[in-house]
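Here the structure comes first, spelled out in structure tokens, and everything after it is commentary.
The values are calculated or read from the model by the stated rules, or taken from the named source; none is laboratory data. Here the structure is a predicted model, which means the values were calculated and not measured. FYI the Cβ positions are ideal-geometry reconstructions off the backbone, even for glycines, and counts take in every protein chain you see. Just so you know, the surface numbers come from the protein's heavy atoms only, side chains and all, with ligands and any DNA or RNA stripped out. Shrake-Rupley method; radii C 1.70, N 1.55, O 1.52, S 1.80 Å.
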Amino acid sequence: MNKEDSPCLQADWENLVEVHNLTKWFPVQKGFLDTFLAGEKDYVRAVDGVTFNIRRGEVFGLAGESGSGKTTIGRLAIGLEKPTEGTVCFDGTDLSWLDNEELRMLRRRMQVIFQDPMASLNPRMTLGDSISHGLKIHYPDKSSAHREIMLDIMEKVGLTPPHFYLSKFPHQISGGQRQRVVIARALITNPDLILADEPIAMADVSVRALLLDLMVRLKKELNLTYLFITHDLATAKYICDRIGILYLGKLAEVSELREVYAHPLHPYTQALLAAVPVPRPLERRTQPMPKGEIPNPINPPSGCRFHPRCPIAQDICSQEEPQLRELRSSHKVACHFAEQFL
Amino acid sequence: MSDQNDVLIQIRNLSVTYQTRMGSVSAVDDVSFDIKRGEILGLVGESGCGKSTMGKALMRMIASPGEISGGQIIFDGEDIMNYDDKKMRDFRGRRVSMIFQDPMTSLNPVQRVDEHLTEAIEVHEPKTKKESITERITTLVERLGIQRQRMTDYPHQLSGGMRQRIMIGLGLVLNAELIIADEATTSLDVIVEAKLVDQLREIQDEFGLSIFMITHNIALVAEVADRIAVMYAGRMAEIGPIQDVFDNPLHPYTQGLLRSVPSIQLDDQEELYKMPGEPPNLTHPPSACRFHPRCPVAMPICSRIQPTLEETQPMRLVNCWLYQDHPEKETPTNQVMV
């Protein structure tokens, strides 16, 4: 694509991130003979034509089951993977315009928090070194101020008193504290966007509420924007402003979180919401679940990818792919027959 | 506690201790409870509270450096702590079956589905005829909603949900009376989980077996269980009928825990309750009531003398000084403010 054609040139200032027709196909590794005989290469269509925006200062959630492509989208959105097709605009800049060095400079503004803090912290680095590492890379000239910035961030994430933690190692603190260290490390470069990929899935219920609260507070204090990736729709309710529901690499539905939960228009969203257990013994679910399981993303179903499992599918669903349509104000859904749920 | 006839298994003063370099850890400390015939009992708690150890202890599967350091496990009138190895082997599988979190590591990767089921029957009921084995497993597999032709598949060819159903099948094929499900649905996606839960409920109805469901997912327990047991730091905090405990939790830990469970319903609480602190390290547990450092209503007695699990209302057991009297208890309060 030419530079002049990039949709980023028309990017809306309100959107920190714009994702246009994002596509990522991973080639399937096969033996020599299979490749020779089959002739064609197989691809896992992890992400297949996804378009959405993340507004400045909001928490945008991406939810879906395993294999829906949510993690891949997150990695594409901050330039950790190159898309097969489509564009990611970060603050009006097309990520494909940048070479590796420029991308590295831009990473200061987008940081990541992963699910397992033990796996994302170097076991042989002290917590202080881990947290300040980003400063050394992005602000090497201001080393005199590093310590102060680090102590300040540690206070903010609740690692108090900071001196107690500085020379400790990851295995010496609890899981909840470790996730705080990871958050501090992400915030130290003063980023605009935080990609949070299942950030609290490992934490216990009693710790989870504290971490969620911390993330919401930091967002307000530091003017952050989150891309929050989760499989847990109940937790998403407490943090996300808007949410996109993914199914097999495609967006099924996207809108304000409360709007989606109150008026789900896609049959898949409806099933997903109904499947989440509710902590109320008197309101046990009675409705049946969709038949079958998520199909193989190498050969996804034709037309609407949900049609083999959909209770309201008709002939057209297996032939024509539904496009995202705005059926209620700022509420988009990709289903041919969503009108009946209005 | 309850009528002898409808109790399947009684656990009395069970303790499990692990010997570590840091000293001995009492992962399960003096726990007593019953599982009734035909009920689903949910055991919830946070990581490290001893819930999985509890499940393994019921099958006497605690591996060194851990050991069951005291107590009785009375199954159908007999104390299985007195069983020798041979009797124990027969007990496991035939009378009690266990499902773990990751079915891929529980199934043998080089054995087909039908071989797993056949082996179970051959080992425990060696006199069974070949034809009747085939018939039994075919009926069962179809009952579990798996097509007949999938029986010759290997575990890696099945989906996660199917694998977990095969694990359930391994319990059902020998007509086990109790299935212990340790985080059995945790690695599954919500829709698959919901389907498995539906199936567990149906099977429990049809075969009248008891299910001991160990999980950290409190909402899931609300969805299926008849009674709920809450563990904290190796001790039982509270046990009661599911509806009663959710309506009116007695133990301050249960109260906090239930208020910190995220709910998908939009009209439910806007903010989650933030319980102060984190679960304790069991090498150095807090004195007396192990919850007292985090308890919003702790009294002086709580750090000095340990309360016991007592029936304070019919069917409701709670391990807390708020509901028990003691000469040293200074300010008796029955009102709990959280």
*What are the extents of the Cα atoms of the range A:17-96 along their three principal axes, listed from largest to smallest and rounded to whole Å?*
52, 28, 18
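Below 8 Å between Cα atoms, with a sequence gap of 6+, how large is the relative contact order for chain A in percent?
Details: 600 pairs, mean separation 66.8, N = 342.
This gives 20 percent for chain A.
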*Karplus-derived HN-Hα couplings along the range B:291-307 (A = 6.51, B = -1.76, C = 1.60, θ = phi - 60°), whole Hz, x at Gly and Pro*: 8, 4, x, 9, 7, x, 10, 4, 10, x, 5, 4, 8, 9, 10, 7, x
*5 Å-binned pair-distance histogram of the range B:159-311 (Cα, whole percent)*: 2, 7, 15, 18, 16, 15, 11, 9, 5, 2, 0
_Rounding to the nearest 10 and keeping the result within 0 to 90°, find how far the Cα-based axis of helix B:113-124 lies from the longest principal axis of chain B._
80
_Threshold 40 Å², probe 1.4 Å: give the residues of the range A:51-76, in number order, that are less accessible with all protein chains present than with their chain alone._
A:Glu65
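On average, how much accessible surface per residue is there in the range A:211-273, in Å², for a 1.4 Å probe, leaving out ligands, DNA and RNA?
Numbers: 1620 Å² over 63 residues.
Each residue of the range A:211-273 exposes 26 Å² on average to a 1.4 Å probe.
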*Nearest-20 debye value, the range A:1-129 charge dipole, Cβ charges on Lys, Arg, Asp, Glu*: 400
_What number does the range A:129-210 give for Rg over Rh if you use C-alpha atoms and the Kirkwood radius?_
0.97
*Ignoring ligands, DNA and RNA, how do A:Ser6, B:Ser106, A:Ser329 rank by accessible area with a 1.4 Å probe, largest first?*
A:Ser329, B:Ser106, A:Ser6
*Please say if the protein assembly as shown is rounded, prolate or oblate, where rounded means a/c under 1.5 for a ≥ b ≥ c the square roots of the C-alpha gyration tensor eigenvalues, and otherwise the choice is prolate for a/b larger than b/c and oblate otherwise?*
oblate
_Charge sum, other residues only, whose C-beta stays under 14 Å from B:Glu46's C-beta, Lys/Arg counted +1 and Asp/Glu -1_ = +2
_Accessible area of B:His292 in the full protein assembly, 1.4 Å probe (Å², nearest 10)_ = 40
*asked:* If amide hydrogens are placed 1.01 Å from N in the peptide plane, which non-local residues have theirs closer than 5 Å to the one on A:Val47?
replied: A:Lys24
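I'd like the per residue volume of the convex hull spanned by the Cα atoms of the range A:180-246, given in cubic angstrom. Walk me through the numbers before you get to the answer.
Working: hull volume 5.9 nm³, N = 67.
Roughly 88 Å³ of hull volume per residue.
Apply 1/(1 + (r/R0)^6) to the Cβ-Cβ distance of A:Met125 and A:Ser174, taking R0 = 22 Å, and write down the FRET efficiency to the nearest 0.05.
Values: r = 18 Å, r/R0 = 0.82.
After rounding to 0.05, the efficiency reads 0.75.
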_Segments A:267-280, A:15-28, B:83-96 sorted - mean Cβ within 10 Å per residue, highest first_ = A:267-280, A:15-28, B:83-96
*For chain B, what is the convex hull volume of its Cα atoms per residue in Å³?*
152
*If you add up the charges near B:Asn108, with Lys and Arg at +1 and Asp and Glu at -1, over every other residue whose beta carbon is less than 14 angstrom from its beta carbon, what do you get?*
-3
*For the range A:98-165 and the range B:200-259, distance of Cα centres in Å*: 41
*From the C-alpha gyration tensor of the range B:68-221, pull out the three semi-axes of the equivalent ellipsoid (sqrt of 5λ each), sorted largest to smallest, in whole Å.*
24, 22, 14
_Inside 10 Å of the C-beta atoms of A:167-178, what's the mean count of C-beta atoms belonging to other chains?_
1
*GNM flexibility winner over chain A from A:Leu193, A:Leu324, A:Leu33 (Cα, springs under 10 Å)*: A:Leu33
*Within a 10 angstrom radius of each residue's Cβ in B:216-226, how many Cβ atoms of other chains show up on average? Whole number is fine.*
4
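Rounded, prolate or oblate, given the Cα gyration tensor of the range B:210-264, with a/c below 1.5 counting as rounded?
Rounded shape, in that the Cα axes give a/c under 1.5.
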*With only alpha-carbon atoms counted, please give the Rg and Dmax of the range B:43-110, in Å.*
13.5, 39
*222 nm [θ] for chain B, helices only, -39500 (n - 2.57) per DSSP H run of 4+, per residue, to 500?*
-8500 deg cm²/dmol
*asked:* Counting protein heavy atoms only and a 1.4 angstrom probe, how many square angstrom of accessible surface do chains A and B bury in total, to the nearest 100?
replied: 4000
_Shape verdict for the range A:107-171, please, from the Cα gyration tensor: rounded (a/c under 1.5), prolate (a/b greater than b/c) or oblate._
oblate
*Can you pull the percent of chain B's accessible area that's carbon plus sulfur, 1.4 Å probe, other chains left in place?*
48
*A:Glu221 versus A:Glu148, label points 7 Å from Cα toward the beta carbon: distance in nm?*
1.8
*With springs only between Cα atoms under 10 Å apart, run a GNM on chain B and tell me which of B:Arg235, B:Arg304, B:Arg21 wobbles the most.*
B:Arg21
*Using only alpha carbon pairs under 8 Å that are at least six residues apart, calculate the relative contact order of the range B:16-56 and give it in whole percent.*
33
*chain A: translational diffusion in µm²/s, Stokes-Einstein, Kirkwood Rh over Cα pairs, 37 °C, 0.692 mPa s*: 151
*Whole-percent carbon and sulfur share, accessible surface of the range A:92-198, 1.4 Å*: 51
*Could you check which residue among A:Pro123, A:Pro301, A:Pro288 shows the biggest mean-square fluctuation in a GNM of chain A with a 10 Å Cα cutoff?*
A:Pro288
*Have a look at the range B:189-209 and report residues whose accessible surface goes down by 40 Å² or more when the remaining protein chains are included, against the chain on its own, probe 1.4 Å, ligands and DNA/RNA excluded.*
B:Asp189, B:Val190, B:Ile191, B:Ala194, B:Lys195
*Gain in length, B:Asp102 to B:Asn82, computed as 0.36 nm per residue apart minus the alpha-carbon separation, to one decimal in nm?*
4.1 nm
_Just to confirm, what accessible area per residue do you get for the range B:16-128 at 1.4 Å probe, in whole Å²?_
47
*Could you work out, residue by residue across A:229-235, how many beta carbons of other chains sit within 10 Å of that residue's beta carbon, and then give the average as an integer?*
3
*Other-chain or far-sequence residues with amide H under 5 Å of A:Tyr247's (modelled H)*: A:Ala252
_Going by amide H atoms built from the backbone, whose H comes under 5 Å of the H on B:Ile180, apart from near neighbours?_
B:Ser97, B:Met98, B:Ile99, B:Phe212
*asked:* Run the numbers for B:Ser24 and B:Val297: contour at 0.36 nm per residue of separation, minus the present Cα-Cα distance, in nm.
replied: 95.3 nm
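Determine the relative contact order of the range B:276-321: mean sequence separation of Cα pairs under 8 Å and six or more apart, normalised by residue count, in whole percent.
Averaging sequence separation for qualifying contacts and normalising by length gives 28 percent for the range B:276-321.
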*Just add up the charged neighbours of A:Gln115: K/R +1, D/E -1, any other residue whose Cβ is under 11 Å from the Cβ of A:Gln115.*
-3
*Compute the FRET efficiency between A:Trp13 and A:Ile298 as 1/(1 + (r/R0)^6), taking r as their Cβ-Cβ distance and R0 = 51 Å, and round to the nearest 0.05.*
0.80
*Does anyone have the angle between helix B:160-172 and the longest principal axis of chain B? Alpha-carbon axes, 0 to 90°, nearest 10?*
90
*How far is the Cα center of the range B:6-25 from the Cα center of the range A:40-70, in Å?*
46
*How large is the dipole of chain B about the Cα centre if only Lys and Arg carry +1 and Asp and Glu carry -1, each at its Cβ, rounded to the nearest 20 debye?*
880
*Have a look at B:Gln111, B:Ile35, B:Tyr253 and report the one farthest towards the positive end of the charge dipole of chain B, computed about the Cα centre with Cβ charges (Lys/Arg +1, Asp/Glu -1).*
B:Gln111
*Virtual spin-label span in nm between B:Gln157 and B:Thr138, 7 Å along Cα→Cβ*: 1.8
_Net charge dipole size for the protein assembly as shown [Lys, Arg +1 and Asp, Glu -1 on Cβ; Debye, nearest 20]_ = 1180
*Tell me, what is the FRET efficiency for B:Arg112 and A:Ser318 to the nearest 0.05, using R0 = 22 angstrom and their Cβ-Cβ distance as r?*
0.10
*Under the Kirkwood approximation applied to all pairs of distinct alpha-carbon atoms, what is the hydrodynamic radius of the range B:72-146 in Å?*
14.4
*What Kirkwood hydrodynamic radius, in Å, does the range A:3-56 give when the mean of 1/r is taken over all pairs of distinct Cα atoms and then inverted?*
13.9
